[in-house]
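Peer 1: Following this message is one structure expressed as C-alpha cells.
The values are calculated or read from the model by the stated rules, or taken from the named source; none is laboratory data. Nothing here was measured: the structure is a model prediction, and the numbers come from that model. No Cβ is skipped: glycine too gets one built from the backbone with ideal geometry, and neighbour counts run over all protein chains shown.
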Amino acid sequence: MQRIIQISDTHLGTEPGPIRPGYPDSDDQLARVLAALRREQARPDLLWLTGDLAETPDPKAYDRLLHLLQTYVGDWPVGGLAGNHDDRALLRAALAGAGHPVDGHRVLGEWLLIGVNSAQPGQAAGHIDPAELERLDQLLSTHPAHWAVIAIHHPVVPIGSAWMDRIGLQNGADLLGLLDRHPRVRACLFGHIHQDFQARRGAIELLGCPSTCVQFTPGSQDFAVERIHAGYRVIELHPDGTITTRVQRVPGELPAENEA
C-alpha cells in the first residue's frame, strides 16, 4: 500500500502573520499542521502541496514554506502545484531548488501520480492549457497498467457554492473527458475550495482538501468563512486499485467571529 498526504492553500503572506484582519497567522497554522503530521503520521510516500501556497507570491513566502517543511518533515518526499495566488515560476524555482518537483509525476508501486497545472496568471479561475492536457494524456498512455491519481489546484466539478463555482476549473469537461479514456484513473485531488469535499464520477474519487489557513463554508452562495479547524487529507492507495481516504483536523486558532 502507498500513502499520500495532501495539504493545501497555506496562503503564506509576504511576512509572517494574518493575511487579513480576523484571520489566524498563516505561518503558525501551517506549523501546527506540519507538527501534527510529524506526530500523527508515519512517513508517507508523498506529501502533496496542492496550490495557493503563498497569498501574494514573494520569494520570502516560499523561503518560509521551505523552512517550515524542513523543520517539521524534512525527510519526507514533497511535490507541489501552483494555485491562482502563486507565481508558478517563483514556486517552481524555490521547490525545485530544494529537490521538490512542481507539476511532476512519479510511479509508486502499482500507482502513477501526476500533478497538473491549472493556474492562469492574473486569474482566480483555473484552466488547463492544451499542452498540459496532452502531457497528461501521454503519461497515462505510457503507463496503461498502473492505477492513477491526478492532483490539480482547482476543483474539477461544481461543489455547490455559487461564488466558488464561478472560479473553479473552466475546462473541467475537457479534463474529465480525457480521464474517461483512461479507465485506471481512480482519483482526482484538488485544493482551492478550503473545505472537505468528496464525490464520485464513475470509478474516479473527486477529493477536495481543507486549507491549513481558514475554511470556507460549504454550500454558501457568497464568500463565507467557517469557524472550523484546519486539516489535511490522507489517501491510501491499495494494490487492487481501491482507495481509502480521510480528513484529519488539527486544533489551532480559528478566525474571528465576525469573519464567519
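Peer 1: Does ARG32 fit the bill of being in a loop (DSSP other than H, G, I, E, B) and farther than 22 Å from PRO155 by Cβ? Can you show your working first?
Peer 2: Details: in a loop (DSSP other than H, G, I, E, B): no; farther than 22 Å from PRO155 by Cβ: yes.
Here the answer is no, as ARG32 does not meet what is asked.
Peer 1: Which one is nearest to HIS85 (Cα to Cα), of the residues in segment 1-15 that are out of contact with any Leu (no Cβ under 9 Å at 6 or more places or on another chain) and surrounded by 15 or more Cβ atoms within 10 Å (Cβ to Cβ)?
Peer 2: GLY13
Peer 1: Of the conditions (1) surrounded by fewer than 21 Cβ atoms within 10 Å (Cβ to Cβ); (2) at pLDDT 95 or above; (3) of a type in the set (A, V, I, L, M), ALA98 fails just one. Which one is it?
Peer 2: (2)
Peer 1: Report whether or not LEU179 is of a type outside the set (D, E, K, R) and within 26 Å of GLN29 (Cβ to Cβ).
Peer 2: no
Peer 1: Could I ask something else about it? Starting from segment 199-213, keep only residues that are within 15 Å of VAL185 (Cα to Cα), then list their pairs with residues that are of a type in the set (S, T, N, Q) whose Cβ atoms are within a distance under 6 Å, requiring at least 6 positions of separation or different chains.
Peer 2: As it stands, the answer is LEU207/GLN198, since those pairs meet every condition given.
Let's see how each residue does on (1) out of contact with any helix residue (DSSP H, G or I) (no Cβ under 8 Å at 6 or more places or on another chain); (2) polar (S, T, N, Q):
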| residue | (1), (2) |
| --- | --- |
| CYS209 | yes, no |
| VAL214 | no, no |
| GLN221 | no, yes |
| ARG227 | no, no |
| GLY231 | no, no |
| VAL234 | yes, no |
| LEU237 | yes, no |
| ASP240 | yes, no |
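Peer 1: Right, something else. Working only within segment 70-93, note down all residues that are free of Cβ contacts under 8 Å to residues at least 60 places away in the same chain, under 14 Å from GLY191 (Cβ atoms) and not small (Gly, Ala, Ser).
Peer 2: Within segment 70-93, ASP86, LEU91 meet the criteria.
Peer 1: Give the residue that is farthest from ALA54 (Cα to Cα), with candidates limited to residues of segment 98-154 that are in contact (Cβ under 8 Å) with a residue 40 or more places away in the chain and among the acidic types (Asp, Glu).
Peer 2: GLU110
Peer 1: I've got another one for you. Have a look at ARG39, ARG43 and point out the one that is of a type in the set (Lys, Arg), in a loop (DSSP other than H, G, I, E, B) and surrounded by fewer than 20 Cβ atoms within 10 Å (Cβ to Cβ). Spell out the reasoning first.
Peer 2: Values: ARG39 fails: in a loop (DSSP other than H, G, I, E, B).
That would be ARG43, the only listed residue that is of a type in the set (Lys, Arg), in a loop (DSSP other than H, G, I, E, B) and surrounded by fewer than 20 Cβ atoms within 10 Å (Cβ to Cβ).
Peer 1: Next question. Please return the ranges of strands (runs of 3 or more DSSP E) entirely within segment 48-145 where 2 or more residues are in contact with a helix residue (DSSP H, G or I) (Cβ under 8 Å, 6 or more places away or on another chain).
Peer 2: In segment 48-145, the matching strands (runs of 3 or more DSSP E) lie at 78-81, 111-115.
Peer 1: Of all residues in segment 121-137, count the ones that are over 14 Å from ASP174 (Cα atoms) and at pLDDT 95 or above. Quick ask: steps written out before the conclusion?
Peer 2: Step one: of segment 121-137, the residues over 14 Å from ASP174 (Cα atoms) are 121-125.
Those still in the list that are at pLDDT 95 or above too: 123-125.
Qualifying residue count for the region: 3.
Peer 1: Taking segment 215-260 on its own, how many of its residues are aliphatic (A, V, I, L, M), crowded, with 17+ Cβ neighbours inside 10 Å and either over 14 Å from GLN29 (Cβ atoms) or without any contact (Cβ under 8 Å) to a residue 24 or more places away in the chain (or both)? Explain how you work it out, then say what you get.
Peer 2: In the first step, residues of segment 215-260 are kept if they are aliphatic (A, V, I, L, M); the result is 224-225, 228, 230, 234-235, 237, 243, 247, 250, 254, 256, 260.
Imposing the further condition that a residue be crowded, with 17+ Cβ neighbours inside 10 Å reduces the set to 225, 228, 230, 234-235, 237, 243, 247, 250, 254.
Checking the rest, the ones that are also either over 14 Å from GLN29 (Cβ atoms) or without any contact (Cβ under 8 Å) to a residue 24 or more places away in the chain (or both) come to 234-235, 237, 243, 247.
Residues flagged as aliphatic (A, V, I, L, M), crowded, with 17+ Cβ neighbours inside 10 Å and either over 14 Å from GLN29 (Cβ atoms) or without any contact (Cβ under 8 Å) to a residue 24 or more places away in the chain (or both) within segment 215-260 amount to 5.
Peer 1: For segment 58-71, indicate whether the set of residues that are charged (D, E, K, R) and either within 29 Å of ALA145 (Cβ to Cβ) or surrounded by 16 or more Cβ atoms within 10 Å (Cβ to Cβ) (or both) is non-empty.
Peer 2: Checked against the condition, which is being charged (D, E, K, R) and either within 29 Å of ALA145 (Cβ to Cβ) or surrounded by 16 or more Cβ atoms within 10 Å (Cβ to Cβ) (or both), segment 58-71 yields at least one hit.
Peer 1: Please pick out the residue among PRO239, PRO144, PRO183, PRO155 that is closer than 24 Å to HIS85 by Cα and at pLDDT 95 or above.
Peer 2: PRO155
Peer 1: Just the residues that are of a type in the set (Asp, Glu) and surrounded by fewer than 21 Cβ atoms within 10 Å (Cβ to Cβ), please, taken from segment 72-95. Please lay out each step first, then the result.
Peer 2: First, the residues of segment 72-95 that are of a type in the set (Asp, Glu): 75, 86-87.
Residues satisfying the conditions are ASP75, ASP87.
Peer 1: For segment 173-207: of the residues being of a type in the set (Gly, Ala, Ser) and assigned to a strand (DSSP E or B), which is surrounded by the fewest Cβ atoms within 10 Å (Cβ to Cβ)?
Peer 2: Once the filter is applied, the top-ranked residue is ALA199.
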